[in-house]
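The values are calculated or read from the model by the stated rules, or taken from the named source; none is laboratory data. Please read all numbers here as calculations on a predicted model, not as lab measurements. All Cβ positions, even for glycine, are placed from backbone atoms using ideal geometry, and neighbour counts span all protein chains on display.
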Amino acid sequence: MEDIKAYIESGILELYVLGDVSPAEKLQVEEMAAKHPAVKAELDEIERSMEAYAKENAVEPAEHLRDRILNSLVTNLADDATFDKAPQSSAAKIVAMAPQKTNNFYKYAFAACLALLLASVAALISTYNKLQDSNTQIASLQSSNSQFAKTVSLKNGELEVYQDASFKFIKLQGMPKDPHAQMTVAWSPARKKVWIDLHSLNMPANDNAHQYQLWALVGKNPVSLGVFDKTADTSGMKEMQPTAYADAFAVTLEPHGGSKTPTMDQMMVIGKF
């Protein structure tokens, strides 16, 4: 029984599963498995374990690592080619069942360690890839949550305009540049908030070189409240820069980014109290 245990622990069964044995060693393993249930059971367990692990962690190793491992295996197989391939006699088989010589033990141990290293590298690569996928998913979720939070905040602001009695709605009418132009401004002097209704906006779409600019007319002084665009899919409401004072509101078409003072001949709409 001690010889069987030593044979199992020698590492030759792992080499057999990996295919790294000579024909004589292969025949020896198969004979031992046929004669000894313990050897057969250990061999089956090794095959099941390696197959399950390979399926679970199947990852293509890095090119340079694969080349090194293949070169090592080729060298190891070349060493095996120098062994005597003649069939073993009964006496030789009995000797082979004894504890392996020191050099063969280290050879089997090296092959087992090599197989373990391959499995470990595959597991590390698989874990790294899963971590990268998780990081990508987290970044995508964070972006989606941020966008969702902005949308909720905007909708809450729009709802507040219609629920807050301090807001006044001023309808801006078209000027000679476009007599049919119209726009509605919601303004709360008490809260210094200004919103424009893009859904009801009736003005031509601006090009990439220009933007519309909203002005609060305080006495004779125009105060910029920011720029906005009119596109084919413009909808909803947009909050502009705050102001507590305004005698009127007006919109002009200005170069992209806005101007310090309004271009009077580009005035689109105006509305007074």
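Structure notes:
- Listed by first and then second residue, the pairs linking a residue in the range 2-19 that is on the phi > 0 side of the Ramachandran plot to a residue that is small (Gly, Ala, Ser) and part of a helix (DSSP H, G or I), with Cβ atoms under 8 Å apart and 6 or more places separating them unless they lie on different chains, are 11/109; 11/111; 11/112.
- Among the residues of the range 173-227, those that are under 20 Å from residue 239 (Cβ atoms) and touching a helix residue (DSSP H, G or I) at 6+ places or on another chain (Cβ under 7 Å) comprise 186, 195.
Results for (1) modelled with pLDDT under 90; (2) of a type in the set (Phe, Trp, Tyr), shown as yes or no for each residue.
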position	(1), (2)
1	yes, no
7	yes, yes
20	yes, no
27	no, no
34	no, no
38	yes, no
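- In the range 203-262, counting only strands (runs of 3 or more DSSP E) that sit wholly within it, the ones holding 2 or more residues that are surrounded by 13 or more Cβ atoms within 10 Å (Cβ to Cβ) and among the β-branched types (Val, Ile, Thr) span 221-228, 248-255.
- Residue, modelled with the lowest pLDDT, within the range 140-171, restricted to residues that are of a type in the set (A, V, I, L, M) and within 15 Å of residue 237 (Cβ to Cβ): 154
- Taking the range 1-44 as the range and being part of a helix (DSSP H, G or I), within 18 Å of residue 114 (Cβ to Cβ) and among the acidic types (Asp, Glu) as the test, the residues that pass are 9, 14, 25.
- Verdict on residue 47 being among the acidic types (Asp, Glu), under 19 Å from residue 110 (Cα atoms) and in contact with a helix residue (DSSP H, G or I) (Cβ under 7 Å, 6 or more places away or on another chain): yes
- Of all the residues in the range 263-273, those that are out of contact with any Phe, Trp or Tyr (no Cβ under 6 Å at 6 or more places or on another chain), of a type outside the set (Val, Ile, Thr) and surrounded by 12 or more Cβ atoms within 10 Å (Cβ to Cβ) number 4.
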